[in-house]
Amino acid sequence: MTSDKITLDRKILRALSSDTRVNILKSLNIRPMTVSELSRILNLPKSTIHENLEKLIDAGLVKKKKSEGRKRVYYELTEKGRRLLLSHKTRIILLLSSAASFICGIIAIYFSIKIPEEAVKAVRRVPLEQNYLISGVILLSFGFLFLYLASRSHKKYQ
């Protein structure tokens, strides 16, 4: 059973201290790749890619995978490397969703308070302010939910 927590030890911190290694991790998040593919994508010499891959392997963030029946060696993220990358993306998405929900919820509640009575009478349906109020409360609830999930994902990956 794998632990949900990632311990940032010296090897991982050293591995993440290089922009080249971070870019390699991001590239490998798309799919497993060879040194040649990474060299082409990142516009770096193969020797530089290979040297940085060795440091990422030593940190436990990347692993080698030999293709069956071929001489190619692919590099892919380990579970630890994948969790490390996804933790930040997930948190950012949740925080942005939370902010959007809060803003939309506050605007909807504002309209429920400030909508003129003449507009409500002209429509002759369920009062619009009630619809706005319900929508606002739901959006604020989603905002709190996303904020809670973002804080949980932050604690999980510390």
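The values are calculated or read from the model by the stated rules, or taken from the named source; none is laboratory data. Predicted model, so just to flag it, every value in this text is computed and none were measured. In this analysis, Cβ positions are derived from the backbone assuming ideal geometry, glycine residues included, and neighbour counts consider all displayed protein chains. When the accessible area is computed, the model is the full protein with side chains, heavy atoms only, and any ligands, DNA or RNA have been set aside. Shrake-Rupley method; radii C 1.70, N 1.55, O 1.52, S 1.80 Å.
Worth a mention:
- Residue that is nearest to the chain's Cα centre (by Cα), among those in segment 24-45 that are closer than 17 Å to residue 14 by Cα and open to solvent by less than 50 Å² (accessible area, probe 1.4 Å): 25
- Residues of segment 77-125 that are open to solvent by less than 50 Å² (accessible area, probe 1.4 Å), modelled with pLDDT of 70 or more, hydroxyl-bearing (Ser, Thr, Tyr) and part of a helix (DSSP H, G or I): 97, 98, 101, 112.
- Some residue of segment 140-156 being open to solvent by 70 Å² or more (accessible area, probe 1.4 Å), modelled with pLDDT of 80 or more and within 30 Å of residue 56 (Cα to Cα): no
- Some residue of segment 46-63 being touching a Gly at 6+ places or on another chain (Cβ under 9 Å), of a type outside the set (A, V, I, L, M), open to solvent by 40 Å² or more (accessible area, probe 1.4 Å) and at pLDDT below 90: no
- Residue in segment 11-23 that is farthest from residue 80 (Cα to Cα), counting only those that are open to solvent by 30 Å² or more (accessible area, probe 1.4 Å) and among the polar types (S, T, N, Q): 20
- Within segment 51-79, residues that are free of Cβ contacts under 8 Å to residues at least 40 places away in the same chain and under 15 Å from residue 23 (Cα atoms) have Cβ atoms under 7 Å from residues that are among the aromatic types (Phe, Trp, Tyr) and open to solvent by less than 90 Å² (accessible area, probe 1.4 Å) in these pairs: 53/75; 62/75, counting only partners at least 6 apart in sequence or on another chain.
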